[in-house]
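The values are calculated or read from the model by the stated rules, or taken from the named source; none is laboratory data. All values reported here derive from a predicted model rather than from experimental measurement. Note: ideal-geometry Cβ built from the backbone for every residue, glycine included; neighbour counts use all protein chains shown.
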Amino acid sequence: MANLKKLFLFKIFVVLLFTNLSLAGEKKDVAKFEISDETYPSVKVVYDWNLSSPEDVNQALNYISNHLKAYTEYSPLAEVEIVVVSHGPELAIFAKQNHPKFKDVIERIKSFHESYGISFYVCYNAARALGFSKEDFPSFVILTPAGVAKLAALEEEGYRLVPAVVNKFKPVKEKYGKKSK
């Protein structure tokens, strides 16, 4: 019985050896997947939200989700601190009156705040331009007098600026994405 096990293991070894040798001669045109201890160092980032509408917030949250996922999967010992500064038309999503319309997105925002400690700053100048006052926002929002000044202050504190650019992926995927065979 022990000899059969040894023979079986030897056969597997030989198959793997020849498979690796035959593959070693082949050169494939495949992108390198970069991953090391230095891929994602500990960092503080500020997402600059100046989106065209509240409807774009969910996609902007996807970027933050991907950011968190990258650290969780590929650099679990590194720390990432994330802050959002909202100073465009999207800030209307934070107003209490709009929560019923954007219930799922507001729940995601609250979850990011509670689970990951993400702070959400809202530009008070822009909020007033939309007719909102301090009372119109929930307690998880931090109103800042001027969003652009807050961005500069956070950069001075060592935060790295991440501009949030929301693109429509679906039409690009349909036109240029990988085609099924």
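Which numbered condition in (1) out of contact with any Leu (no Cβ under 8 Å at 6 or more places or on another chain); (2) farther than 12 Å from Ala164 by Cβ; (3) assigned to a helix (DSSP H, G or I); (4) modelled with pLDDT of 90 or more is the only one that Val105 fails?
If we test Val105 against (1) out of contact with any Leu (no Cβ under 8 Å at 6 or more places or on another chain); (2) farther than 12 Å from Ala164 by Cβ; (3) assigned to a helix (DSSP H, G or I); (4) modelled with pLDDT of 90 or more, just (1) comes out false.
Can you confirm whether Tyr124 is among the hydroxyl-bearing types (Ser, Thr, Tyr), touching a Ser or Thr at 6+ places or on another chain (Cβ under 9 Å) and modelled with pLDDT of 95 or more? Please lay out each step first, then the result.
On the way: among the hydroxyl-bearing types (Ser, Thr, Tyr): yes; touching a Ser or Thr at 6+ places or on another chain (Cβ under 9 Å): yes; modelled with pLDDT of 95 or more: yes.
Judged against the criteria, Tyr124 is a match.
It is to be established whether one or more residues within region 45-55 are hydrophobic (A, V, I, L, M, F, W, C), out of contact with any Lys or Arg (no Cβ under 8 Å at 6 or more places or on another chain) and either crowded, with 18+ Cβ neighbours inside 10 Å or part of a loop (DSSP other than H, G, I, E, B) (or both). Talk me through it step by step, then tell me what you get.
First pass over region 45-55, keeping only residues hydrophobic (A, V, I, L, M, F, W, C): 45-46, 49, 51.
Keeping just the survivors that are out of contact with any Lys or Arg (no Cβ under 8 Å at 6 or more places or on another chain) gives 49, 51.
The next check asks that each one be either crowded, with 18+ Cβ neighbours inside 10 Å or part of a loop (DSSP other than H, G, I, E, B) (or both); those that pass are 49, 51.
Looking through region 45-55, at least one residue is hydrophobic (A, V, I, L, M, F, W, C), out of contact with any Lys or Arg (no Cβ under 8 Å at 6 or more places or on another chain) and either crowded, with 18+ Cβ neighbours inside 10 Å or part of a loop (DSSP other than H, G, I, E, B) (or both).
Could you tell me whether region 124-138 includes any residue that is surrounded by fewer than 10 Cβ atoms within 10 Å (Cβ to Cβ), in a helix (DSSP H, G or I) and more than 21 Å from the chain's Cα centre (by Cα)? Write out each step before concluding.
Within region 124-138, the first condition is being surrounded by fewer than 10 Cβ atoms within 10 Å (Cβ to Cβ), and the residues that meet it are 131, 135.
Applying the additional criterion that residues be in a helix (DSSP H, G or I) yields 135.
Remaining after also requiring more than 21 Å from the chain's Cα centre (by Cα): 135.
Looking through region 124-138, at least one residue is surrounded by fewer than 10 Cβ atoms within 10 Å (Cβ to Cβ), in a helix (DSSP H, G or I) and more than 21 Å from the chain's Cα centre (by Cα).
Within region 124-147, identify whether any single residue is under 23 Å from Pro41 (Cβ atoms) and without any contact (Cβ under 8 Å) to a residue 40 or more places away in the chain, and answer yes or no.
Pass one, region 124-147, residues under 23 Å from Pro41 (Cβ atoms): none.
No, region 124-147 has no match at all.
Does Glu90 fit the bill of being farther than 29 Å from Glu135 by Cα and of a type in the set (D, E, K, R)?
Details: farther than 29 Å from Glu135 by Cα: no; of a type in the set (D, E, K, R): yes.
No: the conditions fail for Glu90.
Taking region 108-121 on its own, how many of its residues are among the aromatic types (Phe, Trp, Tyr) and assigned to a helix (DSSP H, G or I)? Walk me through how you get there before you give the answer.
Keep residues of region 108-121 that are among the aromatic types (Phe, Trp, Tyr), which gives 112, 116, 120-121.
Keeping just the survivors that are assigned to a helix (DSSP H, G or I) gives 112, 116.
Summing the residues that are among the aromatic types (Phe, Trp, Tyr) and assigned to a helix (DSSP H, G or I) in region 108-121 gives 2.
For region 56-87, name all the residues that are part of a loop (DSSP other than H, G, I, E, B) and out of contact with any helix residue (DSSP H, G or I) (no Cβ under 7 Å at 6 or more places or on another chain). Talk me through it step by step, then tell me what you get.
Going through region 56-87, the residues part of a loop (DSSP other than H, G, I, E, B) turn out to be 75-79, 87.
Across region 56-87, the qualifying residues are Ser75, Pro76, Leu77, Glu79.
Any idea which residue in region 19-44 is surrounded by the fewest Cβ atoms within 10 Å (Cβ to Cβ), counting only those that are among the small types (Gly, Ala, Ser) and either modelled with pLDDT under 75 or within 14 Å of the chain's Cα centre (by Cα) (or both)? Show your work before the answer.
The first filter runs over region 19-44 and keeps only residues among the small types (Gly, Ala, Ser), leaving 22, 24-25, 31, 36, 42.
In the following step, the residues that additionally are either modelled with pLDDT under 75 or within 14 Å of the chain's Cα centre (by Cα) (or both) were identified as 22, 24-25, 36.
Working: Ser22: 9, Ala24: 8, Gly25: 6, Ser36: 8.
Result: Gly25.
Would you point out the residue of region 101-118, among those that are closer than 12 Å to Val84 by Cβ and of a type in the set (A, V, I, L, M, F, W, C), that is surrounded by the most Cβ atoms within 10 Å (Cβ to Cβ)?
Ile109
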